[in-house]
Amino acid sequence: VRDAGGDLDDGELILARSVSQEGRSRATVGGRTAPVSVLAELGEQLVVVHGQSDQVRLRSATAQREALDRFAGVALSRVLDDYQATYRRWQANQGELDVIVAEQEDREREAVELRQAMAEIESVAPSAGEDVELAERADRLTNLEDLRLAASEAHELVSSDDLVEPRDALGLLDSARRQLERVATHDSTLAPIVEALASASYLVADVSAQLSSYLGALDSDSARELEVVQDRRSELGEISRKYGPSLDDAIRYLNSGSTRLLELDQDSDRIDSLRAEVDTDRARVIELADDLGRVRRDFAHQLGARVSEELVALAMPNARLTVEVTDRQDYGLSGRDAIAIQLAPHPGAEPRPLGRGASGGELSRVMLAIEVVIAGNDPVPTFIFDEVDAGVGGASAIEIGRRLARLSRTAQVIVVTHLAQVAAFSTNHLRVVKDSDGVVTASSVQQLQGEERIVEMARLLSGLSGSESGLQHARELIETARGLDSESR
């Protein structure tokens, strides 16, 4: 309740769901809005609902197992909780193991291919940015003669070796500077210009030195160096095409390959670990399933005997109900037991599964008898029975009402019925009334007390509410119900 954000009010919990005319619904738990799924989950823990459809459901093996497990109560639930936790873990690990084993061949192939790829990349030993650097070197070596010619001509223009009539940039700058220095004493404004020419000369001289150094550094064996560079570029290009598209991608592939190989190796270790866990859990599941079977067989005999006793009072004096627990040999979330409730309705009849041969009235009484017996071991706050007395009448209806009244001593019991024999045992009688104005039909609930209840009981008995004999019969039925209820207390 707290997880849903609701509150308890003096120990009371109110669950509500409202539906608007537009069809939108709103669920609340303890006054707080909550998902419908939460409302349903809490409701299942607090309220057990039985309707006519449960007669059909009781024929299913699942419903019969649930009935036996509820009757067994804590003695079984502790073992079942342990079993289910182990079973879920076993199935989860087995599923993971199946996937890993199924993919083992693919992983082994991936590991072989990855090791080959890493060995190939490592044999080339690329470095980041090496392809860019080699591309620049190849471009320079391919155009080496053009570079040498251009640099030589530039050097000649900057600084010529002609000492007689220099026409190079450095010589011209020196000539210009000397011309101005000769007359600069006559005009001080020429001084800055002379200094600028001197600076320019120094700069050009530095450029000349750089060009000389550049020319000296040019490799004379450019063809051989170009061949080496192109061979290296070819190697790098090959691994880039295979593992790239770029060289940096290939290097990243190499680096990530080590991590991936570790993961693939760990999968092998995981297989060994999972197999050990699966074997341990399987053995534990078998052990706990054996325990579940023993507990269920012990309580199956008790449940059959107790329900048979109840059926005697429900006008089935010779009926005998048995609960059989057999081994299915396959394991499920509830164990490996197959539960079959069988009914022999009269002497000489062979016990037959509830799904075959039992009438609707018999199923109603069996279901009520089971619920009455189970109530002591698996208490539920509220029971709702919706016309479970269909197909029953007379003395059987009286006994059904009596059993429902007994059940109400330990729980709240809400019964929807059209039988006066059942309604006579109620301590709070409500009538559902439908009214229509020709346009809208509305339902309302009225609480009946005193004479109103007697009139309603008479209507249920005879279909007439004004008959004096019917009213008298109703009074007698209510008094009889009170007496029977008192006797059974």
When every residue in region 221-241 that is surrounded by fewer than 13 Cβ atoms within 10 Å (Cβ to Cβ) and basic (Lys, Arg) is compared, the one nearest to Ile121 (Cα to Cα) is Arg241
Write out, first by first residue and then by second, each pair whose Cβ atoms fall under 9 Å of each other, whose residues are 6+ apart or on separate chains, and whose first residue, in region 134-146, is closer than 11 Å to Leu218 by Cβ while the second is of a type in the set (Ser, Thr, Tyr) and assigned to a helix (DSSP H, G or I). Arg140/Ser222; Leu141/Ser222; Leu144/Ser222; Glu145/Ser222
Only one of Ala198, Ala209 that is under 30 Å from Glu136 (Cα atoms) and more than 60 Å from the chain's Cα centre (by Cα): Ala209
Hits in region 80-132 (condition: among the aliphatic types (A, V, I, L, M) and within 31 Å of the chain's Cα centre (by Cα)): Leu80, Ala85, Ala92, Leu97, Val99, Ile100, Val101, Ala102
Would you pick out the residues in region 60-91 that are farther than 16 Å from Ala338 by Cα and acidic (Asp, Glu)? Asp81, Asp82
Which condition breaks for Arg70 when tested against (1) at pLDDT 75 or above; (2) among the charged types (D, E, K, R); (3) surrounded by fewer than 18 Cβ atoms within 10 Å (Cβ to Cβ)? (3)
Restricting region 349-370 to residues that are at pLDDT below 80 and of a type in the set (Gly, Ala, Ser), the residue that is surrounded by the most Cβ atoms within 10 Å (Cβ to Cβ): Ser364
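Taking only region 414-427 into account, find how many residues are over 16 Å from Leu461 (Cα atoms) and surrounded by 10 or more Cβ atoms within 10 Å (Cβ to Cβ).
The first filter runs over region 414-427 and keeps only residues over 16 Å from Leu461 (Cα atoms), leaving 414-415, 427.
Going one step further and asking which of them are surrounded by 10 or more Cβ atoms within 10 Å (Cβ to Cβ), we end up with 414-415.
Qualifying residue count, region 414-427: 2.
Conditions (1) within 41 Å of the chain's Cα centre (by Cα); (2) modelled with pLDDT of 80 or more; (3) among the hydroxyl-bearing types (Ser, Thr, Tyr), marked per residue:
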position	(1), (2), (3)
Val372	yes, yes, no
Pro381	yes, yes, no
Val388	yes, no, no
Gly393	no, no, no
Glu399	no, yes, no
Ser408	yes, yes, yes
Region 69-80 residues that are part of a loop (DSSP other than H, G, I, E, B), paired with ones that are at pLDDT below 95 and surrounded by fewer than 21 Cβ atoms within 10 Å (Cβ to Cβ) (beta carbon under 8 Å, 6 or more apart): Gly73/Asn377; Gly73/Asp378
What residue, of Arg148, Arg177, is basic (Lys, Arg), assigned by TED's automatic domain parsing to the domain that holds Met118 and buried (at least 16 other Cβ atoms within 10 Å of the Cβ)? Arg177
Within region 429-475, count every residue that is exposed (fewer than 11 other Cβ atoms within 10 Å of the Cβ) and in a loop (DSSP other than H, G, I, E, B). 8
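If I ask for residues that are touching a residue at least 60 places away in the same chain (Cβ under 8 Å), within 20 Å of Gln94 (Cβ to Cβ) and not β-branched (Val, Ile, Thr), which ones from region 281-291 would you list? So that I can check it myself, show each step before the final result.
Quick first cut of region 281-291, residues touching a residue at least 60 places away in the same chain (Cβ under 8 Å) only: 281-282, 284-285, 288-289, 291.
With within 20 Å of Gln94 (Cβ to Cβ) added as a condition, the list becomes 281-282, 284-285, 288-289.
The answer is Asp281, Arg282, Arg284, Leu288, Ala289.
Based on what the data block shows, is Val295 touching a helix residue (DSSP H, G or I) at 6+ places or on another chain (Cβ under 8 Å), modelled with pLDDT of 95 or more and either hydroxyl-bearing (Ser, Thr, Tyr) or in a helix (DSSP H, G or I) (or both)? Steps first, please.
Values: touching a helix residue (DSSP H, G or I) at 6+ places or on another chain (Cβ under 8 Å): yes; modelled with pLDDT of 95 or more: yes; either hydroxyl-bearing (Ser, Thr, Tyr) or in a helix (DSSP H, G or I) (or both): yes.
In short, yes.
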Checking Ile398 against (1) buried (at least 19 other Cβ atoms within 10 Å of the Cβ); (2) aliphatic (A, V, I, L, M); (3) under 24 Å from Gly43 (Cα atoms), only one condition comes out false. Which one? (3)
In region 218-235, which residue that is closer than 13 Å to Arg137 by Cβ and of a type in the set (A, V, I, L, M, F, W, C) is modelled with the lowest pLDDT? Leu218
Only one residue in Glu263, Glu277, Glu238 is modelled with pLDDT of 90 or more and under 20 Å from Arg115 (Cβ atoms). Which one? Glu238
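The values are calculated or read from the model by the stated rules, or taken from the named source; none is laboratory data. Keep in mind that this is a model prediction, so the values were computed, not measured. For neighbour counting, all protein chains shown are included, and Cβ atoms are generated from backbone atoms with ideal geometry for every residue, glycine included.
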